[in-house]
Structures are given as C-alpha cells and as structure tokens.
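Undergrad: Please find one structure pasted underneath; my questions will follow.
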C-alpha cells in the first residue's frame, strides 16, 4: 500500500478533532463517506479517548458490519471493547453507533414539543401522522438535525461524528430546520387548516372544498386539517429549536469534513459543498480525498525509468536472464509496463492539480490511496483511519 499523502495549512485531522464536539461528513454518493466517518470515529475513540458517537443519517445500512455489530438503530449502541482488541488496537475511549430512525425520532419530538398530553396523544393517534412524517418533504432531513441537536445537548458524548446523505441532500440537511419552521407559518398551512378552524367557509372557497370532498372524501380533508392544526401548536418549539440548531452548526466546536474522490463529478460536488459552507459561514475543517494514486507516479526517477522501458525495451531485455524469455517477448512486456505507468502518471498529474485547488479552503487535506481489499471490519476501518489521522 502506498504511503499516505497530506497537505495541510494547519495541523492534522487528529488535532482538528481534539478541539471539536461535532464533525459532519458530507459528500456525493460512492466516494467512501460512510466508511470515512466510521474510520474517523474509530480513530478518535482509540487516540483521543472519551465517548465517541458515529451517527448515520444515510438510509443505507453499511456501518453495522464494519463496526462488528449485528445491527443498531435510534438508540446508541456501544462497539465492544473486545472488537478493538481483536483488531489490534487498545482504545482510550468508547465508540458508540446510532442510525436515525425517522418514525421513532418524530415520536420523541412530538412528546417533547406538544403543549400538553392531549395534543401529544391526538397527534400520535392521527391516521395521517405515520405517513406524513415518513414521506413529508424535509421530514428525514429535519429530524436528523433535531436528533443531532438532542444528542449533543444531552452531553452524553464528547465527540459526535455525523455521516450525512449525499451532498445536495446534505444541503437540505442543513436548511431543514429553517424550512420546517417557515412551513408552519406559511399560507399553505393556513389553507390546509381551514376546515378545522371553521365550519363556515367563504363563498369563494366552498366550490373548491365541494370538489375536494367528492375526490378525496371529507374525512381525508378533515384528517389533514386536524393533523396540521395540532402540529401548529408546536410551532414555537420548532422555531426555538431551529435557531438552536443553527447556532450549533455555526459554533466553533462544530466542523465539516468534505469527502470526495478526484473524479470530475465528485469533485464538482465537493466544490459545490465547500462553496455552500462558505456562504453559510460554517467551518470547513478538512477535505478527505479517497482512492488517490500513490505519489511515486510523480517521482522523476521513476518516470525516467518508465520512459527508458518504452524507448529501449528490447535493449533492456537483452541484459535480463534468458529464462525470462526471448528479448522480443520480454521487450514487449517492458514496453507495456512503461506505457501503462506513463498513462497512470497523466491521471496522477491531473489529480495533483485538483488536489491543489481543493487545498485552498480547508485547514487539512488528507489523501487516501486505493486499498487492495474492501473494508468490512473494524481492523479495516482503523487501517483507513491511519491514512487520514496524522
């Protein structure tokens, strides 16, 4: 495996995390974001100590196997200390894992924000509640921020490492609390709650509701109206919480890590998110670049050797032992190897240019080479983490 590369304007990932309480990983799909978040959390548990939580809000359930857990959900589950010992590491702290359960988190939110027991029970019993909270636009993103805030405010963990959905969804993740609060004061919501607010409708609205009753059924409209009317009683709690979440994200104890490969599409996504963080005044702590070609592709001596293999393949073959084959056969192999190296070098140069461009914004840039195996356990996560950590 190639040696780790890192370009940093200040410090390392280890130093960055030592001063943070929330680390939010973002990036497009397929770049290793979930694995990177788990690796960073595992390294923090080993080297920094304290209680570390890796929280995934990505619907893909990939963390459990890598952490040696059969499953985990909304309730935080500790990774056994023995799993670290089996992986050859002795942790100074504890590693916990949780995956967002949207329905369970919404239930908890209703119990916290409902003004009284009657309203709470009415919301939870409403026939549309389960469907709407599961499918409502911003539902998953909003409840993820709510859950992150609740865990952080509890003080149960020293460091929370968050794995978010793919990049443009992660922007929704950041904006969800404000959008949800805006919705509760919107004209659309006032329109939806008209049937429950008053049985006397204006002459202008009666035709619409008559048609809607025939198409959807009056009970359906009543259920919608009742649901949102009940939810509006929690408006103040939503607004207060949205403001608190915004303060938490902007706090100096929170940082963001953008994960990407150096392929063109993921790089564009990474640049998009870096700009979005800057626009919002949020702290970009690190960029982690996965599947990067090793640095010896840019070495002058190695390059000279590859060029010589292409230009003088047959001559070089003649000085090699005869049992390797005829000079023509060995020469063809040497030429192919040299040309392959030079082709990879073109890609390595392109990667170096893109890496330099991405290095302008964050405090730390870490590059991780290709692994010759899939990462499926804690030992693999720690191996990946070593490439990022220092």
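The values are calculated or read from the model by the stated rules, or taken from the named source; none is laboratory data. Computed from a predicted model, the values in this text were never measured in an experiment. So basically every Cβ, Gly included, is an ideal-geometry build from the backbone, and we count neighbours across all protein chains shown.
Undergrad: Among the residues of the stretch 382-389, is any touching a strand residue (DSSP E or B) at 6+ places or on another chain (Cβ under 6 Å) and under 18 Å from residue 299 (Cα atoms)? Full working, then the answer.
TA: Restricting attention to the stretch 382-389, the residues satisfying the condition of being touching a strand residue (DSSP E or B) at 6+ places or on another chain (Cβ under 6 Å) are 387-388.
Next, from what is left, pick out any that are under 18 Å from residue 299 (Cα atoms): none.
The answer is no; no qualifying residue exists.
Undergrad: List the helices (runs of 4 or more DSSP H) that sit entirely inside the stretch 12-92 and contain at least 2 residues that are more than 24 Å from residue 260 (Cβ to Cβ) and at pLDDT below 95.
TA: 81-86
Undergrad: Looking at residue 27, is it within 24 Å of residue 276 (Cα to Cα), buried (at least 16 other Cβ atoms within 10 Å of the Cβ), assigned by TED's automatic domain parsing to the domain that holds residue 258 and touching a helix residue (DSSP H, G or I) at 6+ places or on another chain (Cβ under 8 Å)?
TA: Spelling it out, residue 27 is indeed within 24 Å of residue 276 (Cα to Cα), buried (at least 16 other Cβ atoms within 10 Å of the Cβ), assigned by TED's automatic domain parsing to the domain that holds residue 258 and touching a helix residue (DSSP H, G or I) at 6+ places or on another chain (Cβ under 8 Å).
Undergrad: Could you tell me whether any residue of the stretch 323-337 is within 30 Å of residue 387 (Cβ to Cβ), without any contact (Cβ under 8 Å) to a residue 40 or more places away in the chain and in contact with a helix residue (DSSP H, G or I) (Cβ under 7 Å, 6 or more places away or on another chain)?
TA: The answer is yes, given that some residue of the stretch 323-337 is within 30 Å of residue 387 (Cβ to Cβ), without any contact (Cβ under 8 Å) to a residue 40 or more places away in the chain and in contact with a helix residue (DSSP H, G or I) (Cβ under 7 Å, 6 or more places away or on another chain).
Undergrad: I would also like to ask the following. Here is a list: 70, 90, 76. Which entry is closer than 30 Å to residue 126 by Cα, assigned by TED's automatic domain parsing to the domain that holds residue 378 and surrounded by fewer than 21 Cβ atoms within 10 Å (Cβ to Cβ)? Spell out the reasoning first.
TA: Working: 70 fails: closer than 30 Å to residue 126 by Cα; 90 fails: closer than 30 Å to residue 126 by Cα.
Exactly one of 70, 90, 76 is closer than 30 Å to residue 126 by Cα, assigned by TED's automatic domain parsing to the domain that holds residue 378 and surrounded by fewer than 21 Cβ atoms within 10 Å (Cβ to Cβ), namely 76.
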